[in-house]
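S.K.: One structure, pasted below without further comment.
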Amino acid sequence: METAKANVLITGSKGQLGTELRKRLGGKEGIFYTDREELDITDEQAVKSYITNNQIDLVINCAAYTAVDRAEDEPALADAINHLGAKYLAKYGRNIIHISTDYVFDGTNHLPYKSEDRTNPVSVYGSTKLAGEQAVLAEAQTGLIIRTAWVYAAEGRNFVRTMLRLGKEREKLTVVADQVGSPTHAGDLAQAIIELLPQIKSGTKVLYHYTNEGVCSWYDFATAIMEESGLGCQIEPIETWQYPTKARRPAYSVLNKTGIKQDFNLTIRHWREALRDCIREIQAKAEEKKQMEEKEQEKQTKEAGQ
Ligand SMILES: NC(=O)c1ccc[n+]([C@@H]2O[C@H](COP(=O)([O-])OP(=O)(O)OC[C@H]3O[C@@H](n4cnc5c(N)ncnc54)[C@H](OP(=O)(O)O)[C@@H]3O)[C@@H](O)[C@H]2O)c1
C-alpha cells in the first residue's frame, strides 16, 4: 500500500500500543491520533463521520477492551468495543491494521500456534476479540490482523509495572507457573507495525502473529522482572487453581511468528532483552521524577526561608 502520503487514523492512542506508536511517529503529517473521548469506536455514526471528514486511508486500531477478568461481567461492553468497534473501523476505513490476541486459542496446543490453527476462546475477552477479527476480515478491503500477547510498556496497566510495585512492597510473591506464553514489549510491536506499513499489499486480508522471541511462564517473567530491576522480592511458583480469576486463560499460548517474519523481513528480539530496556526506561523515568521533586522541595524551602 502507498502509505507515504496516506492519512492514517490511530485509535486508542493513549493505550500502551497507541502511546508507543505516537512516540515513534510523533507529529508526522497525516497521522490522526484519537482516544475514547475524541472518537468512541462503538459509535458507528461517529466512526463514519470521522473517517469521511478526515479522508482517512488506513486505520491502525489500538483501541480495545483489555480488562480480561472484568469482561466476564461486562460482555456487552467488551463486545461493543472489541467486535462492533473493530467492524465499524474496517467498514468505513476500508484499510485496517487490527490488533488481536493469543486468547482466541484455548491453550491445548503443545507447539506454537500458527495463525491458521483452530480458535476456541475460553473467555469473554477472547470471544469478543475473535468476533472482531472475523468482522474485520469480512468488512475490510485490506485487512491485516496481528495477534499479540502479554503486552507491556513503561506506561499503562501491565504485569511488569504491577510486579515492580508489588516487588517494592513485599518480600515474597506467588505467581502462576503453569501458564506459558511470550511477553511483548509494546514498543517492539509498534516498531514492527511501522516497518511493515509500506509493505502491505492492497486488497489482501491476512492474519499474523507477533510477540517477542522466547517462551516463559508468568512465574519466569516475574522472576526476570525482579532480577532485571534489582529488587530482592522472592517469587514462588504456584498453579493456576491456587490463584482463581473470573476469566479462564489458556495454559499455553505461544504464537508462531514465521509468517510475519518472512513476509516483512522482520527481526524480533528476545523477550528478556526487551524487558531489560523497558525496566531501564521505567527506572530512568522514576529517577527523573525524583530529581524534579527534590528540586521543587529545595525551591520551596528556599522561598519559605526568605
Ligand atoms: N494488554 C495485553 O496484554 C494484550 C495482550 C494481547 C493482545 N492485546 C491487544 O493489543 C491491542 C493493544 O492493547 P493495549 O495493551 O495497548 O491496550 P490498552 O493499553 O488497554 O489500550 C486500549 C485503549 O483503548 C481505549 N478504548 C477503550 N474503549 C474505547 C472506545 N470505545 N473507543 C475508543 N477507544 C477505546 C482505551 O481507553 P480507556 O483507557 O479510556 O478505556 C485505551 O486507551 C488491543 O487490541 C489488545 O486487545 C493486548
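Bear in mind these aren't lab numbers, they're just calculated from the coordinates by the rules spelled out. Here the structure is a predicted model, which is why all the values come from computation and not from measurement.
S.K.: For a quick check: with amide H placed at 1.01 Å from N, whose amide H comes under 5 Å from I60's, ignoring anything fewer than 5 positions away on the same chain?
M.R.: Residues meeting the criterion, in which the H sits 1.01 Å from N, are L9, I10, T11, I97.
S.K.: Now a separate question. Just round it to a whole percent: the fraction of Cα-Cα distances in the range 219-306 exceeding 20 Å. Display every interim value, and only then the final one.
M.R.: On the way: 2504 of 3828 pairs.
Here the long-distance tail beyond 20 Å is 65 percent of all Cα pairs in the range 219-306.
S.K.: Where Rh is the Kirkwood radius over the Cα pairs of the range 98-202, the temperature 10 °C and the viscosity 1.306 mPa s, what D in µm²/s does Stokes-Einstein return? The partial results should precede the final answer.
M.R.: Details: Rh = 16.1 Å.
This corresponds to a translational diffusion coefficient of 99 µm²/s.
S.K.: Normalise the Cα radius of gyration of the range 257-306 by 2.2 N^0.38 Å (N = residues in it) and let me know the number. All intermediate terms of the calculation are to be shown ahead of the outcome.
M.R.: On the way: Rg = 21.4 Å, N = 50, 2.2 N^0.38 = 9.7 Å.
Rounded to two decimals, the normalised Rg is 2.20.
S.K.: Ratio of alpha-carbon Rg to the 2.2 N^0.38 Å globular estimate for the range 61-133, to two decimals, please. Could the numbers behind the result be given before it?
M.R.: Details: Rg = 12.5 Å, N = 73, 2.2 N^0.38 = 11.2 Å.
Ratio of Rg to 2.2 N^0.38 Å for the range 61-133: 1.11.
S.K.: Return a whole-number percent for the relative contact order of the range 104-182, with Cα pairs under 8 Å and 6 or more residues apart as the contact set. It would help to have the intermediate numbers written out before the result.
M.R.: Numbers: 36 pairs, mean separation 15.1, N = 79.
Result for the range 104-182 is 19 percent.
S.K.: Given just the C-alpha atoms of the range 1-150, how large is their convex hull per residue in cubic angstrom?
M.R.: Values: hull volume 17.4 nm³, N = 150.
Once divided by residue count, the hull of the range 1-150 is 116 Å³.
S.K.: Pull up the cross-link candidates among the lysines for K246, meaning alpha carbon to alpha carbon under 18 Å and not fewer than 8 places away within one chain.
M.R.: Once the sequence-local lysines are set aside, what remains near K246 is K129.
S.K.: I need the Debye-formula profile for the range 93-137: one equal scatterer per C-alpha, no solvent, reported as log10 I(q)/I(0) at q = 0.17, 0.27, 0.28, 0.32 1/Å, two decimals.
M.R.: -0.49, -1.01, -1.06, -1.24
S.K.: Rounded to a whole number of µm²/s, how large is the Stokes-Einstein D of the chain at 37 °C and 0.692 mPa s, given Rh as the Kirkwood radius over C-alpha pairs?
M.R.: Working: Rh = 20.4 Å.
Reported coefficient: 161 µm²/s.
S.K.: Once you keep just the Cα pairs under 8 angstrom separated by 6 or more residues, what percentage relative contact order results for the range 179-244?
M.R.: Reported relative contact order: 43 percent.
S.K.: How big is the Cα convex hull of the range 144-195 in projection, averaged over all directions, in nm²?
M.R.: The directionally averaged projection comes out at 4.8 nm².
S.K.: From the mean inverse distance of alpha carbon pairs (Kirkwood) and the Cα radius of gyration, derive Rg over Rh for the range 11-94.
M.R.: 0.98
S.K.: Taking 0.36 nm per intervening residue step and subtracting the Cα-Cα distance, what contour gain separates Q297 from K172 on full extension? Don't skip to the answer; put the middle values down first.
M.R.: Details: separation 125, 0.36 × 125 = 45.00 nm, distance 3.37 nm.
Length gained between Q297 and K172: 41.6 nm.
S.K.: Below 19 Å Cα-Cα, how many Lys pairs turn up in the range 1-126? Only count pairs eight or more apart in sequence, or on different chains, if you could.
M.R.: Values: K5/K28; K14/K23; K14/K28; K48/K87; K48/K91.
Close lysine pairs under the 19 Å cut-off: 5.
S.K.: Follow-up question, since we're still on this one. Cα atoms only: what Rg and Dmax, in Å, come out for the range 154-272?
M.R.: 16.8, 54
S.K.: Something else: Below 8 Å, C-alpha to C-alpha, sequence gap of six or more: please give me the relative contact order for the chain in percent.
M.R.: Values: 585 pairs, mean separation 59.6, N = 306.
About 19 percent, as a whole number.
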